[in-house]
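The values are calculated or read from the model by the stated rules, or taken from the named source; none is laboratory data. Note that the structure is a prediction, hence the values are computed from the model and not measured. For neighbour counting, all protein chains shown are included, and Cβ atoms are generated from backbone atoms with ideal geometry for every residue, glycine included.
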Protein chains: 2
Amino acid sequence: MAVNLFPPVAANILPVSGVELGFAEAGIRKANRRDLMLMRLAPGSRVAGVFTQNSFAAAPVQVCRQHLKSGGAIRALVVNAGNANCGTGESGLTASRRTCAAVAQLVSCAPEQVLPFSTGVILEPLPVDRIEAALPNCVTTLGENRWTEAASAIMTTDTVPKAASRQLTINGTKITVTGIAKGVGMLQPNMATMLTYIATDASIAQPVLQTLVKQVADVSFNRVTVDGDTSTNDSFVLIATGKAGNAEIADLNSAAAVLLKAAIVEVAQELAQAIARDGEGATKFITIHVNGAANHDEAVRVAKGIAHSPLVKTALFASDPNLGRLLMAIGNAGIANLDTRLIQLYLGGVQVIANGERASSYKEEDGARVMKPEEITIRVELDRGNVGTTVWTCDFSYEYVKINAEYRT
Amino acid sequence: MAVNLFPPVAANILPVSGVELGFAEAGIRKANRRDLMLMRLAPGSRVAGVFTQNSFAAAPVQVCRQHLKSGGAIRALVVNAGNANCGTGESGLTASRRTCAAVAQLVSCAPEQVLPFSTGVILEPLPVDRIEAALPNCVTTLGENRWTEAASAIMTTDTVPKAASRQLTINGTKITVTGIAKGVGMLQPNMATMLTYIATDASIAQPVLQTLVKQVADVSFNRVTVDGDTSTNDSFVLIATGKAGNAEIADLNSAAAVLLKAAIVEVAQELAQAIARDGEGATKFITIHVNGAANHDEAVRVAKGIAHSPLVKTALFASDPNLGRLLMAIGNAGIANLDTRLIQLYLGGVQVIANGERASSYKEEDGARVMKPEEITIRVELDRGNVGTTVWTCDFSYEYVKINAEYRT
């Protein structure tokens, strides 16, 4: 059902020197599917991450935070699908640490140099024995050219693996950026069980990498939403192996940093949009622009107010220009002293609302026409200030209910 | 599909002396259905109301606020279904005022003594000519014993008319309280297009009535949610005709006020619960208790966090004890410094989460058993303070999507 989203062509997904990927069938939840992925990083790689804001952060998220804080160079990432290891208390932390220890032994590093990730069902104990048993297979399959297979191994209800690459030249050095992501529901990353890993072979100083991971998340994954729910396991990790041989990027405002950031943002936005395109039950891909807000918070509130409204999302599914629901969603965003008489709203190129009411030029058949395509753009002009934002989402279909009513069966 | 909700038996819905109800087929949106309701109040009646917090308050809501503020004694209420008269700008205000003027002429009062209400599609002009043409029929049908028919005339996607009555004796005087409500979607009253009218024949001083309407809304309509969307037209009006002959209730803390408030709250809660039972596509009625919050705001955030989560609602629909989603929703409520290790969660009588993780006593078959019934109670203990709240909602089914994808067709 994914909207204009096609499986990545392996030839277009470029390897990143210093990153190897392997996988195995651990049988964590279902038999005969790859559900365990190992990423081995070359010595000298730098890693930074941002994680879920859900109060019930899963055990692996807690362990990731500890291991990143401890400052040891990260040498491996291990991801399992099928079980989130969340709501599992002290035994969940133990299970995540056992996973790290098993990886550490196989790749010859300390357990604190391994980051663990889990995605799947919440509140059930992680079958760590099966993970330990399957990890050697992950190691034997390690290779630099296996990004798309790795993207498949971390999927849950995703219908399409998600991967993207860019290449650029900085001061004569060729730099590669490649990322993979999973996540199609429980999805308003802030972060949501979205897992994303983007790696580059550029050399980047740790403080710059730390800032970059946040800035990139803000303009990509934090702008996509499927159902407004935020997962307990969301993680976005940015990796710089330094293998390209460029001069270390130590200043965020340097030309090299600006160029590289642009490429990373492109990869991140392509992956973020892929998540909405593959949103559970999605039949439409929706882009929501909000302009003229007084500040970033209110721009996001209005955009997400529209993106989260079940009534708007079901009307988009039906291609029904029941556009009063957009007006309702904007009015529901909780903006203090919102002067509705200043609001303009456009659907594609058609103005629907002029100065807070139905535009006199608006015709129902124009609304019906712009609601038909698989890709719809909604633009709101608030005329309160100069801040704008963009959010990506999908519609709300029978299929969403079906997928989530039957997820565990 | 309404959950354990049956059409009110007219004999159980008691007339309120001083309130007459009439209706007509105005053909506002569809032909051959009653879609216009008139309520005529005896001289001396007092009226107070609370209205939507949506920034796009509909024209009738704006006119209601003005007429209530102007202080003239309200003598009539007029309600149309099929068109919300919202996003209609100055011409919408004119249409609402024209409706009031037409009613005023028929019941011999000033236009400012009439309150208008509309519910239905947003962004379309109100066919006020048809309303004016049908109003005389409303007048000829006026009668004190027509509450259930009035409840039918204001329905939109409701499947069952909603009415409730209570009788009590205050200092030897028999007092009646009767109410009707409509609303099944775009529904998180604050207020949501919920329309509710509760009348009593008690004599109540205006300041007491004003306070009562807010207090009653807080423990009834503001605690029910179907989809988290808040309508542009929500209104709850409380009417006291004074016809019972009791001594005027002028002190909110008097025994008479406490007794009467309890009866009004009972009627309001029955109607609020009826709204969730008849929630669009509802197959289950869900009661969510949150206890041990530090303050009212966080109790409501946690309860509505659960009530609004599409993932929780689809799991409830499927009777699937995928209870990690409850944990996710609690963690997603945005409570600062929430110590998840203090949290207990019960589904019916079964403890699912103990101290923030899966209870060791919890068995999947127990979860499956308590997820089966049509009425499910979720209880969360936060152990942060002494404040609690209760919220009512329904599940999220294929039918919700169907109803809202096809609403206008």
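General remarks:
- Members of segment B:356-378 that are in a strand (DSSP E or B) and either out of contact with any His (no Cβ under 9 Å at 6 or more places or on another chain) or among the hydrophobic types (A, V, I, L, M, F, W, C) (or both): B:GLU357, B:ARG358, B:GLU375, B:ILE376, B:ILE378
- The lone exception for B:PRO125 - which of (1) within 14 Å of chain A (Cβ to nearest Cβ); (2) buried (at least 22 other Cβ atoms within 10 Å of the Cβ); (3) out of contact with any Phe, Trp or Tyr (no Cβ under 9 Å at 6 or more places or on another chain); (4) not aromatic (Phe, Trp, Tyr) it fails: (2)
- Considering the conditions (1) away from chain B (no Cβ under 14 Å); (2) surrounded by 20 or more Cβ atoms within 10 Å (Cβ to Cβ); (3) of a type outside the set (Ser, Thr, Tyr), A:ALA282 is excluded by exactly one of them, (1).
- Any hit, segment B:32-41, residues being surrounded by fewer than 18 Cβ atoms within 10 Å (Cβ to Cβ) and not in a helix (DSSP H, G or I): yes
- Here the condition is being buried (at least 24 other Cβ atoms within 10 Å of the Cβ), of a type in the set (Val, Ile, Thr) and out of contact with any Phe, Trp or Tyr (no Cβ under 7 Å at 6 or more places or on another chain); of B:VAL267, B:VAL219, B:VAL258, it holds for B:VAL267 alone.
- Test result for A:GLY334, surrounded by fewer than 20 Cβ atoms within 10 Å (Cβ to Cβ) and either modelled with pLDDT under 85 or not assigned by TED's automatic domain parsing to the domain that holds A:GLN206 (or both): yes
- Once segment A:300-317 is narrowed to residues that are among the aliphatic types (A, V, I, L, M) and buried (at least 23 other Cβ atoms within 10 Å of the Cβ), the residue that is farthest from A:TYR398 (Cα to Cα) is A:VAL302.
- Subset of segment A:356-381 (residues that are in contact (Cβ under 8 Å) with a residue 60 or more places away in the chain and farther than 12 Å from A:LEU316 by Cα): A:ARG379, A:VAL380, A:GLU381
- Residue match in segment B:68-91 (condition: surrounded by fewer than 20 Cβ atoms within 10 Å (Cβ to Cβ), among the hydrophobic types (A, V, I, L, M, F, W, C) and within 14 Å of chain A (Cβ to nearest Cβ)): no
- Against the conditions (1) surrounded by fewer than 19 Cβ atoms within 10 Å (Cβ to Cβ); (2) at pLDDT below 90; (3) within 29 Å of the chain's Cα centre (by Cα); (4) closer than 19 Å to B:GLY87 by Cα, A:GLU364 satisfies every one except (3).
- Restricting segment A:129-156 to residues that are surrounded by 16 or more Cβ atoms within 10 Å (Cβ to Cβ) and either small (Gly, Ala, Ser) or under 15 Å from the mean Cα position of the chain (by Cα) (or both), the residue that is modelled with the highest pLDDT is A:ALA134.
- Boolean, B:ASN295 is away from chain A (no Cβ under 14 Å), of a type outside the set (Val, Ile, Thr) and closer than 30 Å to B:ARG75 by Cβ: no
- Of all residues in segment A:1-24, exactly one satisfies the criterion of being on the phi > 0 side of the Ramachandran plot and modelled with pLDDT of 80 or more, namely A:GLY18.
Quick grid of which residues meet (1) within 16 Å of B:ALA57 (Cβ to Cβ); (2) assigned to a strand (DSSP E or B):
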residue	(1), (2)
B:ALA95	yes, no
B:THR99	no, no
B:VAL103	no, no
B:LEU106	no, no
B:GLU112	no, no
B:LEU115	yes, yes
B:SER118	yes, yes
B:GLU124	no, no
B:ILE131	no, no
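- Positions within segment B:336-355 being in a loop (DSSP other than H, G, I, E, B), facing chain A (nearest Cβ under 9 Å) and within 26 Å of B:LYS284 (Cβ to Cβ), in sequence order: B:ILE343
- Within segment B:304-333, being within 8 Å of chain A (Cβ to nearest Cβ) and within 27 Å of the chain's Cα centre (by Cα) holds for B:HIS308, B:SER309, B:PRO310, B:LEU311, B:THR314, B:ALA315, B:PHE317, B:ALA318, B:ALA329, B:ILE330, B:ASN332, B:ALA333.
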